[in-house]
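I have placed the structure first, in the form of structure tokens, so that the comments after it can refer back to it.
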Amino acid sequence: MARVSQEHLDARRRQILDGATRCFSRNGFHTASMQDVLREVGLSAGAVYRYFTSKDELIAAIATEALAAVRAAFERAAEEHPPPLPDVLLTQTLGNVLAGGVLGSGGPGTGDEPEFPRVALQVWAETLRNPELAKALRQGFDEMHGAWSKIVAGYQEAGLMRADVPADRVARTLVALAQGFIAQQALFGDVEVEQLRDGLRGLMSMTGPRAG
């Protein structure tokens with residue numbers, strides 16, 4: 001029997017994750033069944049269960065891979081001196097997420113709405129009942145927070161940001177900003193990354209009151 005290459009295995013895994021993302025985005029995590037996922041990806045049960053034995057494993061893999069890809073983008077930015085400013089960095093990274101650059105071809109949906117924000121919102125809700133998923137998401141958040149803390153420290157070292165504000169608190173605020181954008185995109189579907197960019201630029205232009 002011919003050996004299956006690692007490239008083939010990786011491509012098959014990617015096919016399953018992309019199909020599951022489409023299925024969960026369209027039907028909802030709890031409504032969609034594994035049979036729905038099988039039909040979406042066009043594979044047999046044996047082929048899918050070789051990689052994932054349940055919906056919980058699928059959604060955990062989707063969440064983990066998305067967080068890892070976004071974190072990697074922020075970690076690369078942290079190596080620049082100084083790092084790209086938030087209006088540029090968040091716009092580029094979230095734009096890449098919505099365009100499908102994070103989960104293979106699983107970004108844009110078959111309609112006008114990207115799939116990732118809809119799935120992300122379901123993942124966040126699922127953590128309230130699934131301790132294992134909550135643990136994985138917490139680890140991903142901590143790693144994302146760490147990457148942003150390094151970016152903020154880079155801003156401070158370059159004199160671009162006040163040094164008397166703890167970097168980890170600024171990092172938490174920026175992560176919350178990204179999460180809020182994803183939530184708005186999932187709920188309303190009409191939020192463009194350019195709106196986030198312009199809003200950030202407005203906030204970044206503020207200065208304190210001048211002494212009379």
> Given +1 on the Cβ of Lys and Arg, -1 on the Cβ of Asp and Glu, and no further charges, what dipole in debye does segment 2-46 carry about its Cα centre, rounded to the nearest 20?
Replying inline: 40
> Expressed as a whole percentage, what fraction of the accessible surface of segment 134-212 belongs to carbon and sulfur atoms when a 1.4 Å probe is rolled over the protein heavy atoms?
Replying inline: 54
>> How much length would be gained if the chain were fully extended between Gln6 and Glu57, taking 0.36 nm per residue of separation minus their Cα-Cα distance, in nm to one decimal?
In response: 16.3 nm
> What net charge do the residues around Glu194 carry, taking every other residue with its C-beta under 14 Å from that of Glu194, with Lys and Arg at +1 and Asp and Glu at -1?
Replying inline: -2
> For segment 126-212, what does the alpha-carbon gyration tensor say about shape, rounded, prolate or oblate, given a ≥ b ≥ c as the root eigenvalues, a/c under 1.5 as rounded, and a/b over b/c as prolate?
Replying inline: oblate
>> If I require 24 Å or longer along the helix axis, counting alpha carbons, and a Kyte-Doolittle average no lower than 0.0, what helices from the chain are left? Use full DSSP H segments.
In response: 55-78, 167-188
>> What is the sum of charges, Lys and Arg at +1 and Asp and Glu at -1, for the other residues whose Cβ falls under 14 Å from the Cβ of His145?
In response: +1
>> About the Cα centre, and with charges only on the beta carbon of Lys, Arg (+1) and Asp, Glu (-1), how big is the dipole of the chain? Nearest 20 debye, please.
In response: 320
> Helix-derived [θ] at 222 nm for the chain: sum -39500 (n - 2.57) over DSSP H runs of at least 4, divide by residue count, nearest 500?
Replying inline: -22500 deg cm²/dmol
>> Please state the shape class of the chain: rounded when a/c is under 1.5, otherwise prolate if a/b exceeds b/c and oblate if not, all from the C-alpha gyration tensor.
In response: prolate
> Loop-only check: which trypsin sites (Lys or Arg not before Pro) in segment 11-91 are DSSP coil with at most 16 other Cβ within 10 angstrom?
Replying inline: Arg50
>> If you count only protein heavy atoms with a 1.4 Å probe, what accessible area per residue comes out for the chain, rounded to a whole Å²?
In response: 55
> Label points 7 Å out from Cα along the Cβ direction at Arg50 and Lys150: separation in nm?
Replying inline: 3.6
> What is the local net charge at Ser205, summed over the other residues whose Cβ is closer than 14 Å to its Cβ (Lys, Arg +1; Asp, Glu -1)?
Replying inline: 0
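The values are calculated or read from the model by the stated rules, or taken from the named source; none is laboratory data. Computed from a predicted structure; not experimentally measured. Ideal geometry is used to build each Cβ from the backbone, glycine not excepted, and the neighbour counts take in all protein chains shown. For accessibility, only protein heavy atoms count, side chains too; no ligands or nucleic acids. Shrake-Rupley method; radii C 1.70, N 1.55, O 1.52, S 1.80 Å.
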